[in-house]
Amino acid sequence: MDRLIYTALTGMNAAMDRQRVIANNLANSSTPGFRQEAFAVTPATLRDGSLEARAMAQGVVRGVDMTQGRVVTTGQPLDMAVRGDALIAFQAPDGGEIYSRRGDLRIAPSGLLENGEGLPVIGQAGPITVPAGSKVALGNDGSVLVSDPADPAGEPQVLDRIKLASPEGSAIAKGIDSFLRVPDGGVLPADPTAEITPGALEASNVETASTLVEMIEAQRSFEQRAKVISTASELDEAGARLMSMR
């Protein structure tokens with residue numbers, strides 16, 4: 001009975017963790033460039049000598065689904081969708097370098113080029129600052145082009161180039177803030193061949209319909225394990241009644 005209860009209990013915990021991951025994915029289904037998390041449940045068997053003492057379920061976030069999302073044209077000059085597998089580099093609040101595919105950029109009152117979450121965009125030599133009053137556009141290679149609105153005939157000048165990092169061959173992990181990082185504070189190398197599509201955004205790669213189905217399955221899995229514990233309790237009570245009849 002002890003084995004049955006613990007097996008069901010660990011299954012319930014795994015189902016709850018799975019529901020948390022699914023809920024986070026659903027909450028970010030409309031976040032540009034969001035990468036959904038993949039969850040996996042594996043058996044963890046405890047053995048006592050040659051005997052299988054107890055089998056439990058262990059649920060963990062397996063990793064990040066890097067499948068590209070749908071590209072949507074917005075017409076906004078500072079929106080960008082990255083082509084291929086490259087990632088946009090941003091400066092984290094702690095000063096480190098983090099990565100995302102979220103390309104809804106804007107210019108802060110301070111002149112910093114930042115994304116929709118207020119994180120500065122990193123260029124070739126750190127965060128990019130745009131001169132006050134400049135007209136800003138993006139080139140296909142991630143270049144930040146500035147021009148003087150008072151001189152419409154003037155050629156735009158390259159201010160900097162957004163760092164488009166290559167994740168190829170590097171270990172990356174997703175944090176609770178949904179941004180990607182290199183473990184132990186490392187940084188990804190820039191990809192000089194990476195290109196973007198200006199005036200467009202990459203949508204989240206979360207498929208809402210299938211994710212809702214996964215949530216229902218996780219809820220049913222939790223309920224089934226709860227019933228197992230209830231059945232174990234009933235069996236235990238029935239066994240105790242039989243023992244008292246001796």
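List of remarks:
- Solvent exposure of the range 114-185, expressed per residue, is 53 Å² of accessible area, with all protein chains present and a 1.4 angstrom probe.
- Fraction of accessible area attributable to carbon and sulfur, the range 155-223 (%, probe 1.4 Å): 56
- The alpha carbon gyration tensor of the range 79-118 gives principal lengths a ≥ b ≥ c with a/c of 1.5 or higher and a/b no greater than b/c, which makes the shape oblate.
- Taking every C-alpha pair closer than 8 Å and separated by at least 6 residues, the mean separation divided by the residue count of the range 93-243 gives a relative contact order of 18 percent.
- J(HN,Hα) series, the range 218-224, from Karplus relation 6.51 cos²θ - 1.76 cosθ + 1.60, nearest Hz, glycine and proline x: 5, 5, 5, 4, 5, 5, 5
- The range 62-120, accessible surface, carbon-and-sulfur percent (1.4 angstrom probe): 48
- Reachable lysines, given that their alpha-carbon falls under 22 Å from the alpha-carbon of Lys135 and they are not under 8 places away in the same chain: Lys163
The values are calculated or read from the model by the stated rules, or taken from the named source; none is laboratory data. Being a predicted model, the structure only gives us computed values, none of them experimental. To get the accessible areas, we keep the full protein, side chains included, count just its heavy atoms, and leave off ligands, DNA and RNA. Shrake-Rupley method; radii C 1.70, N 1.55, O 1.52, S 1.80 Å.
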